[in-house]
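Visitor: Here it is: the structure, laid out below.
The values are calculated or read from the model by the stated rules, or taken from the named source; none is laboratory data. Everything quoted here is computed from the prediction, not taken from an experiment. Every residue, glycine among them, receives a Cβ derived from its backbone with ideal geometry; neighbour counts consider all protein chains shown. Each accessible area value is taken on the protein alone, full model and side chains, heavy atoms only, with ligands, DNA and RNA left out. Shrake-Rupley method; radii C 1.70, N 1.55, O 1.52, S 1.80 Å.
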Amino acid sequence: EGTSRLDSYRAMAAKVVAAAMDNPPVSLAVYGHPTLFVYPSTLIRKAAKYLGLRVHTAAAVSSFDTMLIDLDIDPGKYGLQMFDANAVLIEHRKLDPEVPCLLLQVDAVESVFHITARSRPNRFKRLQEHLLQFYPPEHMVTNIRSSSFPIFEAEKYHFQLQSLGKEFAAESFLGKLL
């Protein structure tokens, strides 16, 4: 609680690499696909090149796969934009309102810390302002939390873009934004 996610990711990667150096073989299992928003696996692969370690990365179902199903999106039909919410702000990404857009890690926007406390609505203000350059205030947004278990349905919350900050502050979403 209250620690930098980046520091946590570096510590995780360091533990795995140290264990592989001391007592191989070592395995790291992660939720979802190991190369989609799993920075420790990226750090491990980079370190392995310099340390002469062999790494095998196995494909897995990712949050991207489940979102396509849960939201009934076919990227082959209209295309798809997919970005990290912080990257959209930092890189001033231009969005095409004619193409579906998935913003990932919205709950972590404007923060480098892992916290479980509710967010303040103004933390999402810059993201909302950026999105309003491309979408009208009434644009319907879907926040989704895909299930990790096949017997449970995804949780979907629909609201207008103009309510983004209020909605994300009201719920402790771990979801994605469309």
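Visitor: So, how do all the Cα-to-Cα distances of the chain break down into 10 Å bins, in percent, from 0 on up?
Guide: The calculated distribution, bin by bin, is 9, 32, 33, 20, 6, 1.
Visitor: Expressed as a whole percentage, what fraction of the accessible surface of the chain belongs to carbon and sulfur atoms when a 1.4 Å probe is rolled over the protein heavy atoms?
Guide: With neighbouring chains kept in place, the figure for the chain is 55 percent.
Visitor: Could you tell me the center-to-center distance, by alpha carbons, between the stretch 56-100 and the stretch 1-36 in angstrom?
Guide: Between the Cα centre of the stretch 56-100 and that of the stretch 1-36, the gap is 25 Å.
Visitor: Further question on the same structure: Using the Cα centre of the chain as the reference point, and only Cβ charges (+1 on K/R, -1 on D/E), how large is the resulting charge dipole? Debye, rounded to the nearest 20.
Guide: 680
Visitor: Further question on the same structure: For the chain, which longest stretch is free of loop sites, where a loop site is one of the trypsin sites (Lys or Arg not before Pro) that DSSP puts outside H, G, I, E and B and that has at most 10 other Cβ atoms within 10 Å?
Guide: Between exposed loop sites, the widest span is 95-178.
Visitor: Let me ask something additional. So what is log10(I(q)/I(0)) for the stretch 21-64 at q = 0.13, 0.14, 0.16 1/Å, when the Debye sum runs over its Cα atoms only?
Guide: So the normalised log intensities are -0.29, -0.34, -0.44.
Visitor: Tell me the volume per residue, in Å³, of the convex hull enclosing the alpha carbons of the stretch 1-100.
Guide: 152
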